[in-house]
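Before any comments, here is the structure.
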Amino acid sequence: MRITADPSRCCGAGLCARIAPGVFDQSEEDGTVVLLAAEPPTELLPAVREALSRCPTSAIRGTSGPSGPQD
């Protein structure tokens, strides 16, 4: 899975950083999402999927090969 993050859409809720701290963090300046791992290891994917589904602004997204977006 490949992850993308759009800080301009982020409201700074921080759910992603709490759910998957090895993949997401928050900017010290404004609290928006910081992507730490664009291609997280398999063992982190359950947490990443949860973070993707709980993001209130859809600022983070995941794609997998040619199949497109993942929920």
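Numbers for the structure displayed
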{"quantity": "Qualifying positions in segment 8-60 - touching an Asp or Glu at 6+ places or on another chain (Cβ under 8 Å) and charged (D, E, K, R)", "calculated": "49"}
{"quantity": "Filtered residue count, segment 24-36, keeping only those that are within 14 Å of residue 9 (Cα to Cα) and either surrounded by 14 or more Cβ atoms within 10 Å (Cβ to Cβ) or modelled with pLDDT under 95 (or both)", "calculated": "6"}
{"quantity": "Residue satisfying condition, being outside any loop (DSSP other than H, G, I, E, B), loosely packed, with under 12 Cβ neighbours inside 10 Å and modelled with pLDDT of 95 or more, within set 39, 50, 43", "calculated": "43"}
{"quantity": "Leading residue by the ranking (modelled with the highest pLDDT) among those in segment 59-71 that are in a loop (DSSP other than H, G, I, E, B) and exposed (fewer than 12 other Cβ atoms within 10 Å of the Cβ)", "calculated": "64"}
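Every residue, every condition in (1) in contact (Cβ under 8 Å) with a residue 40 or more places away in the chain; (2) under 16 Å from residue 62 (Cα atoms); (3) in a loop (DSSP other than H, G, I, E, B), yes or no:
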| site | (1), (2), (3) |
| --- | --- |
| 3 | yes, yes, no |
| 10 | yes, yes, yes |
| 13 | yes, no, yes |
| 18 | no, no, no |
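The values are calculated or read from the model by the stated rules, or taken from the named source; none is laboratory data. Please read all numbers here as calculations on a predicted model, not as lab measurements. Here Cβ is always computed from backbone atoms with ideal geometry, including for glycine, and neighbour counts include all displayed protein chains.
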